[in-house]
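Laboratory data are not the source of any read-out in this text; all were calculated from the coordinates shown. Nothing here was measured: the structure is a model prediction, and the numbers come from that model. All Cβ positions, even for glycine, are placed from backbone atoms using ideal geometry, and neighbour counts span all protein chains on display.
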Amino acid sequence: MSYEHIRLTREGHIATVTFNRPEKANALNFEHLVEIEDVALSFREDPDTRVVIFTGTGKHFSSGADLTDPGEAYRGPLTLRRRRARIGERMIEALYNMDQITIAAWNGAAMGGGACITTALDFRIGSDDCFMQYPEVDIGVNLMWKSLPLCVHLAGPARAKRLVAGGERILAETLLQWGILDELVPRSALLERAQSLAEFYAGKPPVAAQMIKHSVNQIVSALDHAIMHMDSDQNLFSQGSEDRKIAIDAYLNKKTPSFTGN
């Protein structure tokens with residue numbers, strides 16, 4: 001598959017996937033999500049790559065869902081919309097289940113779906129200007145893509161509620177204190193440090209390292225699918241609410257919303 005919204009490069013045992021929609025702050029439309037899922041799955045048949053770095057072109061890692069996209073891919077009969085609404089979930093699962101060690105070289109914003117991507121990876125190196133925010137609650141929907149457990153695993157329950165139910169913007173130093181970031185470096189040193197960490201893990205015996213990674217993921221995520229199996233259905237339900245329309249209008253037009261609970 002050829003890619004429009006990402007770049008894939010390889011050097012030795014290390015690959016780098018770069019989100020490449022800088023004019024949209026690497027916002028995620030349907031086609032972009034399909035490409036990320038495809039590139040993650042492509043590594044299944046790659047015995048030579050041992051570590052994959054993910055980063056974003058320009059100022060931001062990813063600003064999340066592209067609210068300016070007309071969303072034609074999500075229109076049509078409910079049966080089809082329900083299936084396509086799970087593209088984000090499939091993309092996150094493809095990333096989380098990669099055999100290779102994965103590293104986020106996290107520049108600037110990781111918002112919404114961008115934050116989901118960072119939590120699905122094994123390690124997170126943040127630049128000193130990075131931040132995390134889940135704005136879903138402020139546009140009237142739940143966090144989907146089976147990503148709520150990933151946030152809880154990293155931040156703990158109270159902090160996850162601040163992030164997801166509160167929609168708080170959490171800056172780099174606090175992300176490091178909370179354990180969401182593994183390291184914090186100057187922006188100018190971000191890719192160099194990510195490459196250094198990648199070389200460290202690429203030097204480990206790949207079969208042992210990959211088995212250990214999957215075992216750790218299974219330990220912490222054993223109940224994730226059972227708990228979150230309906231989050232895309234909840235999202236479709238919440239999109240039909242009056243509060244969703246009020247939230248979108250307020251978010252795009254910078255107004256203070258007044259929610260009805262309907």
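So if R0 is 35 Å, what FRET efficiency would R10 and Q177 give, r being the distance between their Cβ atoms, rounded to the nearest 0.05? Display every interim value, and only then the final one.
Values: r = 35 Å, r/R0 = 0.99.
Plugging the Cβ-Cβ distance into 1/(1 + (r/R0)^6) gives 0.50.
Counting other Cβ atoms within 10 Å, keep those with at most 14, restrict to DSSP loop, and tell me which trypsin sites (Lys or Arg not before Pro) in the stretch 146-183 are left.
Those satisfying the criteria are R169.
For the stretch 1-105, state which trypsin sites (Lys or Arg not before Pro) are in a DSSP loop and have at most 16 other beta carbons lying within 10 Å of their beta carbon. Don't skip to the answer; put the middle values down first.
Working: sites: R7, R10, K24, R44, R50, K59, R75, R81, R82, R83, R84, R86, R90; in loops: R50, K59, R75, R86.
Taking the stretch 1-105 and a limit of 16 other Cβ atoms within 10 Å, the loop trypsin sites (Lys or Arg not before Pro) found are K59, R75.
Provide, as a two-decimal number, the C-alpha radius of gyration of the stretch 135-262 over 2.2 N^0.38 Å, N being how many residues it has.
1.36
Can you sort T256, T18, T55, T174 so the residue with the fewest Cβ neighbours within 10 Å comes first?
T256, T174, T18, T55
Would you mind computing, in nm to one decimal, how far apart the modelled labels at S188 and S215 are, each placed 7 Å from Cα along Cα→Cβ?
My value for the distance between the label points is 4.3 nm.
So, R0 is 35 Å and r is the distance between the beta-carbons of N97 and K245; what FRET efficiency does that work out to, to 0.05? Please list the in-between numbers first.
Numbers: r = 36 Å, r/R0 = 1.03.
Efficiency for this residue pair is about 0.45.
Please express the Cα-Cα pair-distance distribution P(r) of the stretch 6-188 as a list of whole percents, one per 10 Å bin, running from 0 to the bin with the greatest distance.
Distribution as computed: 10, 39, 37, 12, 1 percent.
Between D129 and L252, how high is the FRET efficiency from 1/(1 + (r/R0)^6) when r is the Cβ-Cβ distance and R₀ = 35 Å? Nearest 0.05.
Rounded to the nearest 0.05, the efficiency is 0.90.
Rounded to the nearest 5, what is the percent of antiparallel bridges among the DSSP beta bridges in the stretch 6-188? Display every interim value, and only then the final one.
Numbers: 8 of 30 bridges.
About 25 percent, rounded to the nearest 5.
Beyond 17 Å, what percent of the Cα pairs of the stretch 1-89 remain?
Tail fraction, whole percent: 53.
Treat the count of other C-beta atoms within 10 Å as a stand-in for reagent exposure and order M132, M98 from fewest to most. Present the calculation step by step, with values, prior to reporting the outcome.
Values: M132 29, M98 23.
If I rank by nearby Cβ atoms, fewest first, I get M98, M132.
Enumerate the aspartates and glutamates that K254 could reach by cross-link, defined here as Cα to Cα under 13 Å, with residues fewer than 8 away along the same chain left out.
By straight Cα distance, K254 reaches D138.
Most exposed first by the Cβ proxy, i.e. fewest other Cβ within 10 Å, how do V137, V216, V17 rank?
On the way: V137 15, V216 11, V17 22.
Placing the least packed residue first, the sequence is V216, V137, V17.
Which whole-number percent gives the relative contact order of the stretch 6-188, counting Cα pairs below 8 Å spaced six or more residues apart?
Answer for the stretch 6-188 is 19 percent.
What is the sum of charges, Lys and Arg at +1 and Asp and Glu at -1, for the other residues whose Cβ falls under 13 Å from the Cβ of G12?
Once positives and negatives cancel, what remains is -2.
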